Amino acid sequence: MLRISSMVSPKSRFDVIGQLGSLRRYARALTRDAGEAEDLVHDALLRAYERRGSFRRGGNLRAWLLSILHNVFIDRQRARQAEAAREDAAGQLAGTSVAPPQDHAVRLAQVRDAFYQLPPEQRAALHLVAIEGLSYLEAAEALAIPLGTLMSRIARARAALRAMEDAGGENAGGDTSTSHLRIVGGRDDRTP
């Protein structure tokens, strides 16, 4: 039989098992659900065990356990209300978002496809600098290549991307004088 003797002096022991009926009845009254009531009783007994040092000698064990059960129930209710408020706020934020325009999605897919057509060594170098934000020196160290080699690969990758874009006539009105590709970590060698 389970007895919690560490709650009080060794001479007087209180039987927690004898209090389960009261705890279950009160939990069912609070939750109106048998499964949730069992979870509530479990959590209340766990909290009682953790806080067994706060039980006063000669105190009423049943009243103390019921008080703990009630407090656990209130804590759960508050947590549910807070979660519902967070979900509501997130739902309101989600409602204000605007779906991306189709043109942007198509353009992004085109840039991605052009990037994937680059040779692997150029793709790796450009990715580390332009996407991951590494300095040239950090990227060169990551790839275990000389700094000049890295810079050369990035320059060739940028030139290849510009050539792919120009060949596709992707700019508005067929104007190839301005590139939509952003120059990151360097300068554009194409000067008008």
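The values are calculated or read from the model by the stated rules, or taken from the named source; none is laboratory data. Here the structure is a predicted model, which means the values were calculated and not measured. When we count neighbours, we look across all protein chains shown, and the Cβ atoms used for this are built from the backbone with ideal geometry, even at glycine. To get the accessible areas, we keep the full protein, side chains included, count just its heavy atoms, and leave off ligands, DNA and RNA. Shrake-Rupley method; radii C 1.70, N 1.55, O 1.52, S 1.80 Å.
Taking the accessible area of region 108-153, probe 1.4 Å, and keeping the other protein chains in place, the carbon and sulfur fraction comes to 60%.
Full extension of the chain between Glu138 and Arg51 gives 26.0 nm of extra length, using 0.36 nm per residue less the Cα-Cα distance.
Note on Glu121 and Ala84: with the Förster distance fixed at 30 Å, the Cβ-Cβ geometry gives a FRET efficiency of about 0.05.
Pairwise Cα separations in region 30-127 fall into 5 Å bins from 0 onward with the following percentages, short to long: 2, 10, 11, 10, 8, 7, 6, 6, 6, 5, 7, 9, 6, 4, 2, 1, 0.
Evaluate the Kirkwood expression for the hydrodynamic radius of region 111-164, namely the inverse of the mean inverse distance over all pairs of different C-alpha atoms, and round to one decimal in Å.
10.9
Solvent-accessible area per residue in region 57-156 equals 66 Å², computed with a 1.4 angstrom probe and all protein chains kept. Between His70 and Asp15, the FRET efficiency from the beta-carbon distance, with R0 = 22 Å, is close to 0.60.
Residue ranking by accessible heavy-atom surface, 1.4 Å probe, largest first, among Ile68, Ile17 comes out as Ile17, Ile68.
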